[in-house]
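Notes follow the structure.
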Amino acid sequence: MLKIKVLGPGCANCKRVEQIARNEVEKLGVAAEIEKVTDYAQIMAYGVMSTPGLVIDEKVVAYGRIPTNEEVSQWLIAAQN
Amino acid sequence: MSSQKITLTPPRKSGWQLPALVLLLGLVWLLVWPQLQALADWFTYDLIGLLPETRLGESVNFFFYDVPKILMLLAGMIFLVTFVRSFFSPEQTRAALGGRREGIGNVLAAGLGVLTPFCSCSAVPLFIGFVESGIPLGVTFSFLIATPLVNEIALAMLFGLFGWQIAGLYLVSGLTIAVVGGLIIGRLQPEKYVEEFVWQVKVGQTGDVTYKPTWNDRIRMAGRSTKEIVGKVWPFVILGIGMGAGIHGYVPEDLLAGVMGREAWWSVPAAVLLGVPLYANAAGIIPVVHALMEKGAALGTVLAFMMSVVALSLPEMLILKRVLKLRLIAIFVGIVALAIIFTGYLFNWVIG
């Protein structure tokens, strides 16, 4: 089971990252749990200063931008192995 | 640090098609640009058959000249700015500002405030990140003032409607306000007005995430945000230009000289006050203001209004309220407002 976290206070960009993550999880059919992290102290604990950030299994994979679907899908595959 | 690395960018073909397309579009842009007035004339007077020198003809012509002009400028400007910004990041900016003294730090922060890509919902983590790495609060404020104040949409619109001199004035005075405002706030010992929890946050390590976009990635990013921003503001632009065109054709000359002219001393503070609640419509407001200026409004008043629209917005203050006590927000707004009013008077006094 992958643990995916979307870091961000909940602006439009954060929601988009969450949507992309959901889509890719569904497409790949991996078991994953998606959590939104909106608390600033928690976000900062990942070293992320520019939201949105994406964390897969406690590893920050992207921040400060919206990754593409292909990127997210690659990270998901890499995290599963 | 763990030894396993995740490949962040999937290996993508570094094709030449995309840069070629951008060059081609740029060329088309440059070729169409000087023909816009001729096109508008042809459209209004030949195709629709309106008569020049009539009110309706003038207004319609004005509209069909300004709409494509502003939309082209906006698209070009946003594309360029996003492309340039893809070479900067808040993390790099933080590193560049770390250990700088006030003064030089403020100047650097104001400049980087313009160049760093930044979404206003990141204001809080960015603020905490700056504070945590020991960047003086005054320097942080220079960044926070410059980021919204020197706004690329406003810059593009001013350039298109008023010419490069006024766009340049806006840029220079925006940067100056950011530097001076940050310096003053730094002198006021603002530390005690920052929410307690900010000092306790520990910024973690992101690990070995380094995102190295290719040139094509940068072009794609710039293209995406151009589409997104122009897609969002075009109705306001058309609405604003429509209103401006109406004013252009139907409002008598010098009607506004008494209200928004140089002699009306209260017009500058009034323009600043009026600008605070008008955030989202910056793109629509400038064409209206442009038309008003033809009718006797003064340049300084107009610039003050513009700056207040982009720099002092209620949503941003609400976001900052999470990390700053009300007192410091009031100081911040007060100083920026005063600086804008001063700039307005200065331009009304110098030019005109």
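Restricting segment B:131-209 to trypsin sites (Lys or Arg not before Pro) that sit in a DSSP loop and have at most 13 other Cβ atoms within 10 Å of their own Cβ leaves B:Lys202. Think of each Lys and Arg Cβ as +1 and each Asp and Glu Cβ as -1; about the Cα centre, that makes the dipole of chain B roughly 1320 debye.
Taking 0.36 nm per residue of separation and subtracting the Cα-Cα distance, full extension of the segment from B:Trp265 to B:Trp199 would add 19.4 nm. If you line up the long axis of helix A:12-28 against the longest principal axis of chain A, both from Cα atoms, how many degrees apart are they, to the nearest 10? Once rounded, one gets 20 degrees.
Within 10 Å of each Cβ in A:58-69, how many Cβ atoms from other chains are there, averaged over the peptide?
On the way: counts 1, 7, 7, 6, 5, 8, 11, 8, 2, 3, 6, 0.
Mean number of neighbouring Cβ atoms from other chains: 5.
Evaluated with a Cβ-only charge set (Lys, Arg +1; Asp, Glu -1), chain A carries a dipole of roughly 180 debye about its Cα centre, given to the nearest 20.
Segment A:2-80: percent of C-alpha pairs farther apart than 19 Å?
So the pairs more than 19 Å apart make up 24 percent of the total in segment A:2-80.
Annotation: for a label point projected 7 angstrom from Cα along Cα→Cβ of B:Asp46, no residues of segment B:56-71 have a backbone N closer than 15 Å. The distance between label points at B:Ile184 and B:Arg55 comes to 4.4 nm (points 7 Å beyond Cα on the Cα→Cβ vector). For segment B:68-138, taking the reciprocal of the average inverse distance between every pair of different Cα atoms yields a Kirkwood hydrodynamic radius of 13.4 Å. Going from the fewest other Cβ atoms within 10 Å to the most, the residues B:Thr54, B:Thr214 appear in the order B:Thr54, B:Thr214.
Run lengths n ≥ 4 of DSSP H only: what is the helix-derived mean residue ellipticity at 222 nm for chain B, with -39500 (n - 2.57) per run over all residues, to the nearest 500? Don't skip to the end; give the middle numbers.
Numbers: 17 runs with 243 residues, N = 352.
After summing the helix terms and dividing by residue count, I get -22500 deg cm²/dmol.
For the protein assembly as shown, the fraction of alpha-carbon pairs lying more than 31 Å apart is 47 percent, rounded to a whole number. Find which of B:Thr226, B:Phe83, B:Val201 sits farthest along the positive direction of the dipole of chain B, computed with +1 on the beta-carbon of Lys and Arg, -1 on that of Asp and Glu, about the Cα centre. Projecting each Cα onto the dipole axis, the largest value belongs to B:Val201.
For the protein assembly as shown, a crude dipole built from +1 on the beta carbon of Lys and Arg and -1 on the beta carbon of Asp and Glu, taken about the Cα centre, is about 980 debye to the nearest 20. Helix A:69-80 and the longest principal axis of the Cα set of chain A meet at an angle near 80°.
B:Arg224 to A:Ile77: FRET efficiency via 1/(1 + (r/R0)^6), r the Cβ-Cβ distance, R0 30 Å, to the nearest 0.05?
0.80
Return the single residue from B:Gly163, B:Gly181, B:Gly49 with maximal mean-square fluctuation; model: Gaussian network over chain B, springs between Cα atoms under 10 Å. Between B:Gly163, B:Gly181, B:Gly49, it is B:Gly49 that shows the largest mean-square fluctuation. For chain A, the relative contact order comes to 39 percent (Cα pairs under 8 Å, sequence separation of at least 6).
None of the figures in this text is laboratory data; all of them are computed from the coordinates on show. Values in this document were obtained by computation on a predicted structure and should not be read as measured data. Every residue, glycine as well, gets a Cβ built from its backbone with ideal geometry; the counts of neighbours run over all protein chains shown.
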